[in-house]
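Enquirer: Below are the structure tokens for one structure; questions will follow.
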Amino acid sequence: MTDSYSAVKGGKLKLKGHKEKKHKKHRKRKHEEEGDSKPDDRKAQSEDMVKHGGWWSVSKFDDITGNVAIELQPFSYMNALDNGLFTVGAPRDEGDGPDPVEILTAIKINETKVALKSGYGKYLSVNPDGVVIGRSDAIGAREQWEPVFQESELALNGCNGRFLSVSKEGDVVCESKTAGTDQIIKIRSSVNIEIDPNAHIPIEEQGKLKDAEVNYIKKFQSFQDRKLKITKDTITDLKRAKKEGILHEKMLDRREKMKADRYCK
């Protein structure tokens, strides 16, 4: 192992030009931010899966197992050639997954490293020139890869202590000692995971429309007089607003009329 490889082993992914950001404390969210729930990770993952034909982006080491594909560029995967070399495959249309020649088999070696086998039945390694090849029949020291995660980003460290990327000629190589933008990849898996069908729906809205209005009233009402102030208007306008995509604005208007919102002036 090289000294440079030892420096990244087990540590965080060090990006070129990366600077630590100072986190400022925010006193209070704006009303619009509280009312409009941000999509959670499950929603984003579900939408991402649909765009990539059911293949989801791994976020931790334990997810790298079974059939995987390495997305080198948006919608473009590492493609195995019959001569043992690798290149970038043609961009896939949204909704399509990787081709068979772009699918690898991931095998865990230990708690930090995996081996990758191509569709031709050969294990991936790195030759002395830093070129990624798939010509090995067994797993040795050169066939071991270390995925390095930092927050939501991932880079793949080869046996030569360099990170996987694409050369100007379009070949897949391991040449850089540090992980910059060109070395950030995504490993996608086809192993089934459970996705909540209601993940994209805010918790307050997971039920009947009338119940959703009550939930938001409870969320934003000051409760100074300990009474729940609910409009007697029908929910017809709420149904119409939901179809038009302005449900939150309509519910806010209804709360304002009842002065049932702590943000109302």
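The values are calculated or read from the model by the stated rules, or taken from the named source; none is laboratory data. Bear in mind that the values here come from a model prediction, so they are computed numbers and not experimental data. All Cβ positions, even for glycine, are placed from backbone atoms using ideal geometry, and neighbour counts span all protein chains on display.
Enquirer: Restricting attention to the stretch 159-186, and to residues there that are over 15 Å from Met78 (Cα atoms) and not in a strand (DSSP E or B), which single residue is nearest to the chain's Cα centre (by Cα)?
Expert: First, the residues of the stretch 159-186 that are over 15 Å from Met78 (Cα atoms): 159-162, 175-181.
With not in a strand (DSSP E or B) added as a condition, the list becomes 159-162, 177-178, 180-181.
Details: Cys159: 26, Asn160: 27, Gly161: 25, Arg162: 24, Lys177: 24, Thr178: 22, Gly180: 18, Thr181: 16 Å.
By that ranking, first place goes to Thr181.
Enquirer: Can you tell me how many residues in the stretch 31-72 are outside any helix (DSSP H, G or I) and modelled with pLDDT of 75 or more?
Expert: Within the stretch 31-72, the subset outside any helix (DSSP H, G or I) is 36-40, 52-60, 64-72.
Still in the list and also modelled with pLDDT of 75 or more: 52-60, 64-72.
Residues flagged as outside any helix (DSSP H, G or I) and modelled with pLDDT of 75 or more within the stretch 31-72 amount to 18.
Enquirer: Further question: Take the stretch 215-253 and flag every residue that is modelled with pLDDT of 75 or more, surrounded by 14 or more Cβ atoms within 10 Å (Cβ to Cβ) and touching a Leu at 6+ places or on another chain (Cβ under 8 Å).
Expert: Of everything in the stretch 215-253, those that are modelled with pLDDT of 75 or more, surrounded by 14 or more Cβ atoms within 10 Å (Cβ to Cβ) and touching a Leu at 6+ places or on another chain (Cβ under 8 Å) turn out to be Ile235, Leu238, Ala241, Lys242, Leu247, Lys250, Met251.
Enquirer: For the stretch 90-103, indicate whether the set of residues that are in a loop (DSSP other than H, G, I, E, B), under 30 Å from Val50 (Cβ atoms) and among the β-branched types (Val, Ile, Thr) is non-empty.
Expert: Checked against the condition, which is being in a loop (DSSP other than H, G, I, E, B), under 30 Å from Val50 (Cβ atoms) and among the β-branched types (Val, Ile, Thr), the stretch 90-103 yields at least one hit.
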